Amino acid sequence: MAKPVVRKPKKKSNPLKTAKIETVDYKDTALLRKFISDRGKIRARRVTGVSVQEQRQIARAVKNAREMALLPYSSSAR
Amino acid sequence: MRQYEMMVILDPEVEERTVAPSLEKYLSVISAEGGSVDKVDIWGRRRMAYDIAKKSEGIYAVVDFTATSDTAKELDRQLGLNEAVLRTKILRTDAR
């Protein structure tokens, strides 16, 4: 009998913890850029590896930054 | 009284050295209604991620102030009427 392959997903290092940031600010575009794809989309939590609460803060910050033209709504790369 | 943080994008055609005095003029409504301006940070000219009002650049400024909600609303209204202001965003910093 072949054993079913059990995948152990690798725990991602939390990028907010490493940067020692408690509250995400929409003005910190350098940080927020880590959480958007090259097309300008917000990266999913399974990609970013942050907690639910942090992901929410990030999403809100990105949306605020977009409103103030600090981040693109969509970049037409490709 | 609440703490607010406001970001404004000004028209890039406004001359750089007139930014501070004109910003002061826009903010006079805060002190007139009993609030206080705590910090004014002018970022200067900056390229925007997309065009606003057919302009690709804007002069950014961030203002921290303490005021009542009515004052904040009035300030937002006045800036919205101003031709030299492309966009504003007022957020409460004491929330969360």
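The values are calculated or read from the model by the stated rules, or taken from the named source; none is laboratory data. No experiment lies behind these values; they were computed from the predicted model shown. Because the Cβ atoms are built from the backbone with ideal geometry, glycine has one as well, and the counts that use them run over all protein chains shown. Areas reflect the complete protein model, heavy atoms only, side chains present, ligands, DNA and RNA absent. Shrake-Rupley method; radii C 1.70, N 1.55, O 1.52, S 1.80 Å.
A few comments on the model shown:
- Residues in the range B:71-96 that are over 16 Å from B:LEU23 (Cβ atoms) and either assigned to a loop (DSSP other than H, G, I, E, B) or within 12 Å of chain A (Cβ to nearest Cβ) (or both): B:LEU91, B:THR93, B:ASP94, B:ALA95, B:ARG96.
- A search for C-beta distances below 7 Å between a residue of the range A:30-43 that is closer than 13 Å to A:GLN57 by Cα and any residue that is at pLDDT below 90 and open to solvent by less than 90 Å² (accessible area, probe 1.4 Å), counting only pairs 6+ apart in sequence or on different chains, returns A:LEU31/A:ALA19; A:LEU31/A:ILE21; A:PHE35/A:THR48.
- A count restricted to the range A:4-56 and to residues that are more than 14 Å from chain B (Cβ to nearest Cβ), among the polar types (S, T, N, Q) and open to solvent by 80 Å² or more (accessible area, probe 1.4 Å) stands at 2.
- Selection within the range B:41-63 - more than 12 Å from chain A (Cβ to nearest Cβ), under 17 Å from A:LYS27 (Cα atoms), open to solvent by 40 Å² or more (accessible area, probe 1.4 Å) and not hydrophobic (A, V, I, L, M, F, W, C): B:ARG45
- Helices (runs of 4 or more DSSP H) fully within chain A counting 2 or more residues that are at pLDDT 75 or above: A:29-32, A:45-48, A:52-67
- In the set (1) in contact with a Phe, Trp or Tyr (Cβ under 6 Å, 6 or more places away or on another chain); (2) assigned to a helix (DSSP H, G or I), B:VAL37 fails one condition alone, (2).
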